[in-house]
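These notes are about the structure you will find just below.
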Amino acid sequence: MSRLKEFVSSKKSIITVFAVVFLIVCLLVANFLSLLLVRTGGEGESVSSSAFDVYMLSLAKSQVEKEAEARASDFQSIGAGGYIWEQDGYYHVIASCYINKNDAVLVQNSVKANQGLESEIISVQFKSITLNGSFTSEEKKVLTKALSACYDYYLSIYDVAISLDTKVYNEISARLAVNNTHNSLSTTLANFNTLFENVEFEPIKKLGATLESALEKSKELCGGMLENTSQTYSSLLKYRYTEVLGLYFDYIEENI
């Protein structure tokens, strides 16, 4: 009977030891995993941008950039953006950009009927990009806004350009609307910098740099800085929003 008690006691001790060891191992594994899930990397929650397509109306193209630039000023004097967009080995002189292809087709037909200009519609795909990390709800909110900031800026300035061209706005009211859009972009960048200014994760750092560049272009639009003396304000609006889209496109292609 004494031996049986000793055996039972010994068995309980072994089980207790194993339980303690198992608990320690679990704690060590949990701690290791928590170290992996740093704020800007690992397999934690992620934030993704939305993919979208833009349809650009190209008024002219050349395989030589200088030739395309030489044509741009002529189009800018009649209200076309004249931004140079490189795609498929050509430098395109872009009149404007559209989310809806039917809108691009309508303008293409109007340009041919009223100005006698042949044009081409090129499709540009903006892919979705995902930033992996362990983010708080506030960080996810700010990152999501930052990822859509250039697209949102384009939509806002596009609306201003349409309102100006259709006489809903005059130039003064258009400039006021531009300033409001600029302030929204500035607020987005300020919120981003508050949470991510010291983050070393490269895609997030580059996103901040992209927004800084976009804000600089927006400042130039607010200041009415023209590309040439013959450029109209309507042209400038289209030029700048295409330029900001270009900044975001480059960011996606570099970090996807």
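Just so it is clear, none of the values below were taken in a lab; they were calculated from the coordinates. Because the structure is a prediction, the values reported are computed rather than measured. Positions of Cβ are generated from backbone atoms using ideal geometry, with glycine treated the same way; all protein chains shown enter the neighbour counts.
Give the aspartates and glutamates reachable from residue 101 as a straight Cα distance under 20 Å; neighbours fewer than 8 places away on the same chain don't count.
Output for residue 101: 53, 86, 88, 118, 120, 152, 159, 165, 243.
If you count, for each residue, the other Cβ atoms within 10 Å and average over each peptide, how do 230-236, 87-93 line up from highest to lowest?
Details: 230-236: 19.6, 87-93: 16.7.
Ranking, from highest mean packing down: 230-236, 87-93.
With a/c under 1.5 counting as rounded, go ahead and sort the stretch 53-124 into rounded, prolate or oblate using the C-alpha gyration tensor (a ≥ b ≥ c being the square roots of the eigenvalues; past the cut-off, prolate if a/b is larger than b/c, else oblate).
Details: a/c = 1.94, a/b = 1.20, b/c = 1.62.
Since a/c reaches 1.5 but b/c is at least a/b, the shape of the stretch 53-124 is classed as oblate.
Going by a ≥ b ≥ c, the root eigenvalues of the Cα gyration tensor, does the stretch 101-256 fall in the rounded group (a/c under 1.5), the prolate group (a/b larger than b/c) or the oblate group?
Values: a/c = 2.43, a/b = 1.68, b/c = 1.45.
Verdict is prolate for the stretch 101-256.
In the stretch 53-124, with Lys and Arg counted as +1 and Asp and Glu as -1 at Cβ, which of these residues, 95, 62, 83, has the Cα nearest the positive end of the dipole, that is, farthest along it?
95
Ordered by packing density, taken as the mean number of other Cβ atoms within 10 Å over each peptide's residues, highest first, how do 98-104, 222-228, 209-215, 76-82 rank?
76-82, 209-215, 98-104, 222-228
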